[in-house]
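These notes are about the structure you will find just below.
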Amino acid sequence: MTPTKNSAELLEVEGREVRISNPGKIVFPESGLTKLDLVHYYLAVADGALRGVANRPMVLKRFVKGIEEEAFFQKRAPEKRPEWIETATLHYASGNSAEEVVVNDAAALAWVVNLGCLDLNPHPVRADDLDHPDELRIDLDPMPGVDWAQIVDVAMIARDVLDDVGLAGWPKTSGSRGMHILVRIEPRWDYRQVRLAAETFAREVERRAPGLATARWWKEERGESVFVDFNQNAKDRTVASAYSVRPLADARVSTPLDWDEVPQARPEQFTVPTVLERFARLGDPHAGIDDDAGQLDALLALAEELGPAEKPPRSGDGSSRRQSTMPLIEIARAKTKPEALEGLERWKGRHPEVVRSLAPADVLVDGMRGSSSLWYRVRVNLQHVSEAERPEQEPLEVDYDPWATRRA
DNA sequence: GCATCTC
DNA sequence: GAGATGCAACGCCCC
DNA sequence: GGGGCG
Ligand SMILES: [Mn+2]
Ligand SMILES: [Mn+2]
(Lines give C-alpha, C1' and ligand atoms only; values in the text may rest on other atoms or scores of the structure.)
(Ligands and ions follow the chains in the order given, each with its own letter.)
Protein backbone atom coordinates (compact mmCIF):
# COMPACT_ATOMS: atom_id res chain seq x y z
CA MET A 1 0.00 0.00 0.00
CA THR A 2 1.33 3.40 -0.89
CA PRO A 3 0.74 5.63 2.09
CA THR A 4 -0.58 9.12 1.32
CA LYS A 5 2.31 11.49 0.94
CA ASN A 6 4.38 12.18 3.98
CA SER A 7 2.70 14.74 6.25
CA ALA A 8 -0.45 15.58 4.37
CA GLU A 9 -3.88 15.95 5.90
CA LEU A 10 -6.94 14.69 4.08
CA LEU A 11 -9.96 16.76 4.97
CA GLU A 12 -13.51 15.98 4.07
CA VAL A 13 -15.31 19.24 3.40
CA GLU A 14 -18.99 19.05 2.48
CA GLY A 15 -18.51 15.62 1.02
CA ARG A 16 -15.40 16.53 -0.95
CA GLU A 17 -11.90 15.43 -0.19
CA VAL A 18 -9.32 18.20 0.05
CA ARG A 19 -5.67 17.38 0.55
CA ILE A 20 -3.75 19.81 2.74
CA SER A 21 -0.01 19.40 2.18
CA ASN A 22 2.38 20.33 4.98
CA PRO A 23 -0.46 21.10 7.40
CA GLY A 24 1.94 22.01 10.17
CA LYS A 25 3.97 24.46 8.11
CA ILE A 26 4.22 27.83 9.80
CA VAL A 27 2.79 30.63 7.70
CA PHE A 28 2.96 33.40 10.32
CA PRO A 29 6.24 33.02 12.25
CA GLU A 30 5.32 35.62 14.84
CA SER A 31 1.94 34.24 15.84
CA GLY A 32 2.84 30.66 14.90
CA LEU A 33 -0.22 30.10 12.70
CA THR A 34 0.08 27.08 10.44
CA LYS A 35 -1.47 26.19 7.11
CA LEU A 36 -3.96 23.94 8.86
CA ASP A 37 -4.87 26.73 11.29
CA LEU A 38 -5.67 28.91 8.29
CA VAL A 39 -7.78 26.22 6.66
CA HIS A 40 -9.71 25.83 9.91
CA TYR A 41 -10.14 29.59 10.13
CA TYR A 42 -11.57 29.89 6.62
CA LEU A 43 -13.88 26.93 7.16
CA ALA A 44 -15.15 28.46 10.41
CA VAL A 45 -15.95 31.80 8.74
CA ALA A 46 -16.91 30.22 5.41
CA ASP A 47 -20.43 31.65 5.46
CA GLY A 48 -18.98 35.19 5.59
CA ALA A 49 -15.92 34.58 3.41
CA LEU A 50 -18.03 33.00 0.66
CA ARG A 51 -20.36 35.99 0.72
CA GLY A 52 -17.30 37.99 -0.36
CA VAL A 53 -16.05 35.70 -3.13
CA ALA A 54 -18.87 33.47 -4.39
CA ASN A 55 -19.33 33.50 -8.16
CA ARG A 56 -16.48 35.96 -8.58
CA PRO A 57 -13.36 35.15 -10.56
CA MET A 58 -10.27 35.89 -8.51
CA VAL A 59 -6.56 36.38 -8.81
CA LEU A 60 -4.56 33.93 -6.72
CA LYS A 61 -1.94 35.59 -4.55
CA ARG A 62 0.16 32.77 -3.28
CA PHE A 63 2.41 32.82 -0.19
CA VAL A 64 3.85 29.37 -0.65
CA LYS A 65 6.73 30.00 1.78
CA GLY A 66 4.86 31.98 4.41
CA ILE A 67 4.43 35.72 4.76
CA GLU A 68 8.14 36.44 5.13
CA GLU A 69 8.87 35.42 1.56
CA GLU A 70 7.57 37.20 -1.48
CA ALA A 71 4.26 36.05 -2.90
CA PHE A 72 3.50 35.57 -6.58
CA PHE A 73 0.29 36.26 -8.44
CA GLN A 74 -1.44 33.74 -10.58
CA LYS A 75 -4.35 34.60 -12.82
CA ARG A 76 -4.74 31.31 -14.63
CA ALA A 77 -6.22 28.44 -12.64
CA PRO A 78 -3.81 25.49 -12.31
CA GLU A 79 -4.57 23.03 -15.09
CA LYS A 80 -4.55 20.14 -12.70
CA ARG A 81 -7.38 20.78 -10.30
CA PRO A 82 -10.32 18.90 -8.85
CA GLU A 83 -13.24 18.74 -11.26
CA TRP A 84 -15.42 20.58 -8.73
CA ILE A 85 -13.35 23.77 -8.93
CA GLU A 86 -15.21 26.33 -11.02
CA THR A 87 -13.60 28.93 -13.27
CA ALA A 88 -14.47 31.91 -15.45
CA THR A 89 -12.51 33.22 -18.42
CA LEU A 90 -11.66 36.91 -18.48
CA HIS A 91 -10.78 38.70 -21.70
CA TYR A 92 -8.44 41.66 -22.03
CA ALA A 93 -8.16 44.48 -24.51
CA SER A 94 -4.86 42.98 -25.69
CA GLY A 95 -6.68 39.89 -26.93
CA ASN A 96 -5.27 37.76 -24.10
CA SER A 97 -7.46 35.87 -21.73
CA ALA A 98 -7.16 34.13 -18.38
CA GLU A 99 -9.26 31.33 -16.95
CA GLU A 100 -9.53 32.31 -13.28
CA VAL A 101 -10.64 30.31 -10.27
CA VAL A 102 -14.14 30.94 -8.89
CA VAL A 103 -14.57 29.86 -5.27
CA ASN A 104 -18.16 28.87 -4.60
CA ASP A 105 -18.06 26.57 -1.62
CA ALA A 106 -16.14 25.64 1.49
CA ALA A 107 -14.17 22.89 -0.25
CA ALA A 108 -12.86 25.32 -2.85
CA LEU A 109 -11.96 27.70 -0.04
CA ALA A 110 -9.85 25.00 1.61
CA TRP A 111 -8.31 24.14 -1.76
CA VAL A 112 -7.08 27.69 -2.47
CA VAL A 113 -5.71 28.04 1.06
CA ASN A 114 -3.72 24.86 0.47
CA LEU A 115 -2.25 26.51 -2.64
CA GLY A 116 -0.84 29.21 -0.38
CA CYS A 117 -3.52 31.85 -0.83
CA LEU A 118 -3.95 34.10 2.17
CA ASP A 119 -6.02 37.13 1.24
CA LEU A 120 -8.60 36.42 -1.45
CA ASN A 121 -8.83 38.93 -4.27
CA PRO A 122 -12.04 38.68 -6.28
CA HIS A 123 -13.14 40.89 -9.14
CA PRO A 124 -16.24 43.07 -8.63
CA VAL A 125 -18.21 41.05 -11.19
CA ARG A 126 -20.03 37.71 -11.10
CA ALA A 127 -19.13 34.86 -13.41
CA ASP A 128 -22.44 35.18 -15.28
CA ASP A 129 -21.80 38.79 -16.32
CA LEU A 130 -18.13 39.65 -16.50
CA ASP A 131 -18.63 43.14 -17.95
CA HIS A 132 -21.02 44.61 -15.39
CA PRO A 133 -19.82 44.94 -11.79
CA ASP A 134 -22.38 44.29 -9.08
CA GLU A 135 -20.12 45.85 -6.46
CA LEU A 136 -18.83 49.41 -6.26
CA ARG A 137 -15.86 49.50 -3.93
CA ILE A 138 -14.94 52.49 -1.84
CA ASP A 139 -11.29 52.11 -0.94
CA LEU A 140 -10.12 54.47 1.80
CA ASP A 141 -6.33 54.66 1.72
CA PRO A 142 -4.64 56.76 4.41
CA MET A 143 -1.58 58.67 3.25
CA PRO A 144 1.46 58.35 5.57
CA GLY A 145 0.89 59.95 8.97
CA VAL A 146 -2.92 59.75 8.88
CA ASP A 147 -4.38 58.29 12.07
CA TRP A 148 -7.30 55.93 12.45
CA ALA A 149 -9.63 58.60 13.83
CA GLN A 150 -9.36 60.47 10.54
CA ILE A 151 -10.23 57.34 8.57
CA VAL A 152 -13.30 56.88 10.74
CA ASP A 153 -14.31 60.51 10.16
CA VAL A 154 -13.99 60.05 6.41
CA ALA A 155 -15.89 56.75 6.53
CA MET A 156 -18.81 58.39 8.34
CA ILE A 157 -18.88 61.22 5.81
CA ALA A 158 -18.79 58.65 3.04
CA ARG A 159 -21.81 57.02 4.61
CA ASP A 160 -23.69 60.35 4.53
CA VAL A 161 -22.85 60.82 0.86
CA LEU A 162 -23.99 57.28 0.05
CA ASP A 163 -27.23 57.95 1.87
CA ASP A 164 -27.76 61.13 -0.16
CA VAL A 165 -27.36 59.28 -3.45
CA GLY A 166 -29.61 56.44 -2.35
CA LEU A 167 -26.98 53.75 -1.80
CA ALA A 168 -26.23 51.43 1.10
CA GLY A 169 -22.63 50.89 2.14
CA TRP A 170 -21.18 47.91 4.02
CA PRO A 171 -18.01 48.82 5.94
CA LYS A 172 -15.04 46.61 6.75
CA THR A 173 -11.49 47.12 7.88
CA SER A 174 -9.13 46.51 4.99
CA GLY A 175 -6.91 44.48 7.30
CA SER A 176 -4.07 46.82 6.49
CA ARG A 177 -4.25 50.53 7.41
CA GLY A 178 -7.50 51.61 5.76
CA MET A 179 -11.12 50.70 5.26
CA HIS A 180 -13.33 49.39 2.48
CA ILE A 181 -16.99 50.19 1.99
CA LEU A 182 -18.80 47.78 -0.32
CA VAL A 183 -21.85 48.93 -2.26
CA ARG A 184 -24.03 46.31 -3.90
CA ILE A 185 -25.40 47.60 -7.22
CA GLU A 186 -27.41 46.17 -10.05
CA PRO A 187 -25.14 44.83 -12.77
CA ARG A 188 -26.41 47.41 -15.27
CA TRP A 189 -23.35 49.61 -15.72
CA ASP A 190 -20.03 48.77 -17.32
CA TYR A 191 -16.63 49.26 -15.67
CA ARG A 192 -16.24 52.71 -17.19
CA GLN A 193 -19.50 53.94 -15.70
CA VAL A 194 -18.93 52.34 -12.31
CA ARG A 195 -15.49 53.93 -12.14
CA LEU A 196 -16.94 57.31 -13.10
CA ALA A 197 -19.55 56.93 -10.34
CA ALA A 198 -16.78 56.06 -7.87
CA GLU A 199 -14.69 59.05 -8.96
CA THR A 200 -17.67 61.36 -8.60
CA PHE A 201 -18.35 59.92 -5.17
CA ALA A 202 -14.73 60.52 -4.18
CA ARG A 203 -14.88 64.13 -5.34
CA GLU A 204 -18.03 64.69 -3.31
CA VAL A 205 -16.41 63.22 -0.17
CA GLU A 206 -13.42 65.51 -0.71
CA ARG A 207 -15.77 68.49 -1.09
CA ARG A 208 -17.49 67.69 2.21
CA ALA A 209 -14.32 66.84 4.09
CA PRO A 210 -11.66 69.21 2.77
CA GLY A 211 -8.28 68.44 4.29
CA LEU A 212 -9.50 65.09 5.63
CA ALA A 213 -10.14 63.31 2.34
CA THR A 214 -8.84 63.68 -1.18
CA ALA A 215 -9.74 62.39 -4.62
CA ARG A 216 -6.50 63.69 -6.18
CA TRP A 217 -4.60 61.20 -8.30
CA TRP A 218 -1.16 62.84 -7.94
CA LYS A 219 0.43 62.09 -4.61
CA GLU A 220 2.03 65.51 -4.25
CA GLU A 221 -1.45 67.07 -4.26
CA ARG A 222 -2.90 64.86 -1.54
CA GLY A 223 -1.28 66.14 1.67
CA GLU A 224 -1.94 64.28 4.92
CA SER A 225 -5.34 62.94 3.99
CA VAL A 226 -7.33 59.83 3.21
CA PHE A 227 -7.18 59.03 -0.49
CA VAL A 228 -10.54 57.84 -1.77
CA ASP A 229 -9.11 55.44 -4.33
CA PHE A 230 -11.81 55.45 -7.00
CA ASN A 231 -9.44 53.79 -9.47
CA GLN A 232 -9.85 50.55 -7.57
CA ASN A 233 -13.05 50.22 -9.62
CA ALA A 234 -11.21 49.98 -12.93
CA LYS A 235 -11.27 46.76 -14.90
CA ASP A 236 -8.87 44.01 -13.78
CA ARG A 237 -8.43 45.49 -10.30
CA THR A 238 -9.29 43.44 -7.26
CA VAL A 239 -9.70 44.09 -3.54
CA ALA A 240 -9.04 41.78 -0.58
CA SER A 241 -12.44 40.34 0.28
CA ALA A 242 -14.32 40.09 3.56
CA TYR A 243 -12.63 37.83 6.15
CA SER A 244 -9.39 37.79 4.16
CA VAL A 245 -6.31 37.25 6.30
CA ARG A 246 -3.67 39.82 5.40
CA PRO A 247 0.06 39.07 5.22
CA LEU A 248 0.97 41.12 8.29
CA ALA A 249 2.82 39.74 11.32
CA ASP A 250 -0.26 39.77 13.55
CA ALA A 251 -2.47 37.97 10.99
CA ARG A 252 -5.00 40.78 10.69
CA VAL A 253 -8.30 40.16 9.04
CA SER A 254 -10.35 42.38 6.75
CA THR A 255 -13.35 42.45 9.06
CA PRO A 256 -16.95 43.32 8.19
CA LEU A 257 -18.48 45.76 10.66
CA ASP A 258 -21.82 47.27 11.53
CA TRP A 259 -21.86 51.02 11.04
CA ASP A 260 -22.39 51.59 14.75
CA GLU A 261 -19.15 49.71 15.50
CA VAL A 262 -17.07 51.79 13.13
CA PRO A 263 -16.24 54.69 15.50
CA GLN A 264 -14.84 52.32 18.15
CA ALA A 265 -13.21 49.73 15.91
CA ARG A 266 -9.45 49.47 15.55
CA PRO A 267 -7.86 47.41 12.78
CA GLU A 268 -5.40 45.66 15.10
CA GLN A 269 -8.32 44.28 17.16
CA PHE A 270 -9.27 41.93 14.36
CA THR A 271 -6.91 38.99 13.91
CA VAL A 272 -7.40 35.32 13.07
CA PRO A 273 -8.07 34.28 16.70
CA THR A 274 -10.26 37.28 17.58
CA VAL A 275 -12.31 37.09 14.40
CA LEU A 276 -12.94 33.38 14.96
CA GLU A 277 -14.43 34.24 18.33
CA ARG A 278 -16.29 37.27 16.98
CA PHE A 279 -17.81 35.35 14.08
CA ALA A 280 -18.99 32.57 16.37
CA ARG A 281 -20.57 35.15 18.66
CA LEU A 282 -22.07 37.62 16.16
CA GLY A 283 -22.16 35.97 12.80
CA ASP A 284 -21.61 38.15 9.74
CA PRO A 285 -22.58 41.82 9.96
CA HIS A 286 -22.72 41.79 6.14
CA ALA A 287 -25.26 38.96 6.01
CA GLY A 288 -27.76 41.30 4.32
CA ILE A 289 -25.43 42.68 1.65
CA ASP A 290 -27.10 40.73 -1.15
CA ASP A 291 -30.67 41.58 -0.19
CA ASP A 292 -30.82 44.82 -2.14
CA ALA A 293 -28.98 46.21 -5.15
CA GLY A 294 -28.60 49.95 -5.70
CA GLN A 295 -28.66 52.25 -8.70
CA LEU A 296 -25.94 54.60 -9.92
CA ASP A 297 -28.24 57.16 -11.54
CA ALA A 298 -27.81 59.79 -8.84
CA LEU A 299 -24.01 59.57 -8.90
CA LEU A 300 -23.90 59.62 -12.68
CA ALA A 301 -26.18 62.67 -12.72
CA LEU A 302 -23.84 64.35 -10.27
CA ALA A 303 -20.94 63.43 -12.54
CA GLU A 304 -22.66 65.32 -15.35
CA GLU A 305 -23.29 68.28 -13.08
CA LEU A 306 -19.70 68.52 -11.87
CA GLY A 307 -18.18 68.03 -15.29
CA PRO A 308 -14.70 66.63 -15.83
CA ALA A 309 -12.24 66.80 -12.94
CA GLU A 310 -9.70 69.60 -13.02
CA LYS A 311 -7.08 68.82 -15.64
CA PRO A 312 -3.39 69.23 -14.88
CA PRO A 313 -1.78 72.21 -16.65
CA ARG A 314 -0.27 71.75 -20.09
CA SER A 315 3.47 71.46 -19.99
CA GLY A 316 4.82 74.77 -21.22
CA ASP A 317 7.91 73.46 -22.96
CA GLY A 318 7.91 70.88 -25.67
CA SER A 319 8.75 68.04 -23.32
CA SER A 320 6.23 65.24 -23.28
CA ARG A 321 6.25 64.94 -19.50
CA ARG A 322 3.37 65.88 -17.25
CA GLN A 323 3.97 69.21 -15.57
CA SER A 324 3.22 68.85 -11.86
CA THR A 325 0.92 71.42 -10.25
CA MET A 326 3.39 71.42 -7.36
CA PRO A 327 7.02 72.52 -7.27
CA LEU A 328 8.30 68.99 -7.04
CA ILE A 329 11.92 67.87 -7.14
CA GLU A 330 13.31 64.39 -7.14
CA ILE A 331 16.05 63.65 -4.60
CA ALA A 332 17.05 60.02 -4.94
CA ARG A 333 16.47 56.66 -6.54
CA ALA A 334 17.93 53.68 -4.76
CA LYS A 335 17.79 49.92 -4.52
CA THR A 336 16.89 49.99 -0.84
CA LYS A 337 14.86 52.25 1.39
CA PRO A 338 17.74 53.02 3.80
CA GLU A 339 19.92 54.00 0.87
CA ALA A 340 17.22 56.30 -0.44
CA LEU A 341 16.72 57.87 2.99
CA GLU A 342 20.47 58.44 3.38
CA GLY A 343 20.31 60.39 0.15
CA LEU A 344 17.45 62.41 1.59
CA GLU A 345 19.46 63.13 4.76
CA ARG A 346 22.46 64.36 2.76
CA TRP A 347 20.15 66.62 0.78
CA LYS A 348 18.61 67.94 4.01
CA GLY A 349 22.10 68.61 5.35
CA ARG A 350 22.80 70.82 2.37
CA HIS A 351 19.50 72.72 2.64
CA PRO A 352 18.82 73.23 6.37
CA GLU A 353 16.80 76.41 5.82
CA VAL A 354 14.51 74.63 3.38
CA VAL A 355 13.92 71.70 5.74
CA ARG A 356 12.46 74.04 8.35
CA SER A 357 9.52 74.94 6.12
CA LEU A 358 8.69 71.40 4.93
CA ALA A 359 5.48 69.77 6.16
CA PRO A 360 5.59 66.01 6.87
CA ALA A 361 3.50 65.23 3.79
CA ASP A 362 5.90 67.22 1.58
CA VAL A 363 8.40 64.37 1.62
CA LEU A 364 7.29 61.57 -0.68
CA VAL A 365 8.99 58.21 -0.33
CA ASP A 366 7.67 55.55 -2.69
CA GLY A 367 8.45 51.92 -3.32
CA MET A 368 8.53 51.52 -7.10
CA ARG A 369 7.88 48.38 -9.07
CA GLY A 370 10.79 47.96 -11.50
CA SER A 371 11.18 45.40 -14.26
CA SER A 372 11.64 42.67 -11.67
CA SER A 373 12.51 44.06 -8.28
CA LEU A 374 11.44 46.85 -5.97
CA TRP A 375 13.33 50.14 -5.73
CA TYR A 376 12.78 53.42 -3.89
CA ARG A 377 12.25 56.99 -4.96
CA VAL A 378 12.35 60.14 -2.83
CA ARG A 379 10.71 63.38 -3.93
CA VAL A 380 10.18 66.68 -2.12
CA ASN A 381 7.28 69.06 -2.62
CA LEU A 382 8.52 72.63 -2.16
CA GLN A 383 5.06 74.18 -1.89
CA HIS A 384 5.76 75.51 1.62
CA VAL A 385 9.17 76.93 0.70
CA SER A 386 9.27 80.55 -0.43
CA GLU A 387 10.08 80.78 -4.12
CA ALA A 388 13.36 82.54 -3.49
CA GLU A 389 14.59 79.71 -1.28
CA ARG A 390 13.59 76.80 -3.50
CA PRO A 391 16.56 74.67 -4.52
CA GLU A 392 16.77 73.65 -8.14
CA GLN A 393 16.44 70.06 -9.23
CA GLU A 394 19.95 68.71 -8.61
CA PRO A 395 21.65 65.58 -9.82
CA LEU A 396 20.16 62.68 -7.86
CA GLU A 397 21.73 61.93 -4.48
CA VAL A 398 21.65 58.24 -5.28
CA ASP A 399 20.94 57.26 -8.82
CA TYR A 400 19.76 53.76 -9.30
CA ASP A 401 18.69 52.70 -12.73
CA PRO A 402 16.18 49.89 -12.31
CA TRP A 403 16.56 48.89 -15.93
CA ALA A 404 20.35 49.08 -16.09
CA THR A 405 20.92 45.38 -16.64
CA ARG A 406 18.23 44.84 -19.21
CA ARG A 407 18.85 47.97 -21.30
CA ALA A 408 22.60 47.54 -21.96
C1' DG B 1 2.79 24.26 -3.91
C1' DC B 2 3.17 21.91 -7.61
C1' DA B 3 3.50 20.63 -12.47
C1' DT B 4 6.84 20.49 -15.70
C1' DC B 5 11.40 20.64 -17.74
C1' DT B 6 16.34 19.46 -17.74
C1' DC B 7 20.30 16.90 -16.50
C1' DG C 1 15.81 11.16 -8.88
C1' DA C 2 17.39 15.97 -7.86
C1' DG C 3 17.24 20.49 -8.91
C1' DA C 4 15.56 24.61 -11.42
C1' DT C 5 11.75 27.28 -13.19
C1' DG C 6 7.40 29.48 -13.86
C1' DC C 7 3.29 31.00 -11.83
C1' DA C 8 0.29 38.80 -14.08
C1' DA C 9 1.57 41.73 -17.99
C1' DC C 10 -3.61 45.53 -16.48
C1' DG C 11 -6.04 49.80 -17.18
C1' DC C 12 -6.59 54.42 -16.91
C1' DC C 13 -5.35 59.33 -17.77
C1' DC C 14 -2.36 62.45 -19.49
C1' DC C 15 1.95 64.17 -22.05
C1' DG D 1 5.17 55.02 -26.38
C1' DG D 2 5.93 56.19 -21.43
C1' DG D 3 5.20 57.99 -16.49
C1' DG D 4 2.44 57.82 -12.57
C1' DC D 5 -0.81 55.58 -10.07
C1' DG D 6 -2.75 51.44 -7.91
MN1 LIG E 1 -6.89 50.14 0.21
MN1 LIG F 1 -6.01 51.52 -3.06
What accessible area per residue, rounded to a whole number of Å², is obtained for chain A using a probe radius of 1.4 Å?
-> 50 Å²
Give me the angle, in degrees from 0 to 90, between the Cα long axis of helix A:272-282 and the longest principal axis of the Cα atoms of chain A, rounded to the nearest 10.
-> 70 degrees
Measure out, as a whole number of angstrom, how far apart the alpha-carbon centroids of segment A:153-196 and segment A:65-116 sit.
-> 26 Å
How do A:ARG19, A:ARG203, A:ARG222 stack up against each other in accessible area, from largest to smallest, with a 1.4 angstrom probe?
-> A:ARG19, A:ARG203, A:ARG222
Under a point spin-label approximation (7 Å from Cα along Cα-to-Cβ), what is the A:VAL365-A:GLU30 distance to one decimal in nm?
-> 1.8 nm
Among A:SER373, A:TYR400, A:VAL354, pick out the residue whose Cα is farthest towards the positive end of the charge dipole of segment A:328-407, where Lys and Arg carry +1 and Asp and Glu carry -1 on C-beta, about the Cα centre.
-> A:SER373
With an 8 Å cut-off on Cα pairs and a minimum separation of 6 or more residues, tell me the relative contact order of segment A:328-407 in percent.
-> 46 percent
Computed helical MRE - 222 nm, chain A, DSSP H runs ≥ 4 contributing -39500 (n - 2.57), nearest 500 = -7500 deg cm²/dmol
Per DSSP, loop chymotrypsin sites (Phe, Trp or Tyr not before Pro) in segment A:2-107 with at most 14 further Cβ within 10 Å = A:TRP84, A:TYR92
Of the accessible area of segment A:191-271, computed with a 1.4 Å probe and all protein chains kept, carbon and sulfur make up a percent value of 46 percent
Which pairs break 29 Å Cα to Cα here: A:LYS65/A:LYS348; A:LYS80/A:LYS335; A:LYS219/A:LYS335; A:LYS65/A:LYS335; A:LYS61/A:LYS335; A:LYS25/A:LYS80?
-> A:LYS65/A:LYS348; A:LYS80/A:LYS335
Between A:SER386 and A:GLU17, what is the FRET efficiency for a Förster distance of 60 Å, r being their Cβ-Cβ separation, to the nearest 0.05?
-> 0.25
Would you look at the GNM of chain A, springs on alpha carbons closer than 10 Å, and say which of A:LEU341, A:LEU162, A:LEU50 moves the most?
-> A:LEU341
Between the helical axis of A:337-350 and the dominant principal axis of chain A, each derived from Cα atoms, what acute angle in degrees is found, rounded to the nearest 10?
-> 20 degrees
Pairing the Cα long axis of helix A:297-306 with the longest principal axis of chain A, what angle in degrees results, from 0 to 90 and rounded to the nearest 10?
-> 10 degrees
Contour minus Cα-Cα span, A:ALA293 to A:GLU83, at 0.36 nm per residue, comes to 72.4 nm
Considering only chain A, what is the antiparallel percent among its DSSP beta bridges, to the nearest 5?
-> 90 percent
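The values are calculated or read from the model by the stated rules, or taken from the named source; none is laboratory data. What you see is a predicted model, and the numbers here were worked out from it, not measured in a lab. All Cβ positions, glycine included, derive from the backbone under ideal geometry; neighbour counts span all protein chains shown. For the accessible areas, the whole protein counts, side chains as well, though only heavy atoms, and no ligand, DNA or RNA atoms are used. Shrake-Rupley method; radii C 1.70, N 1.55, O 1.52, S 1.80 Å.
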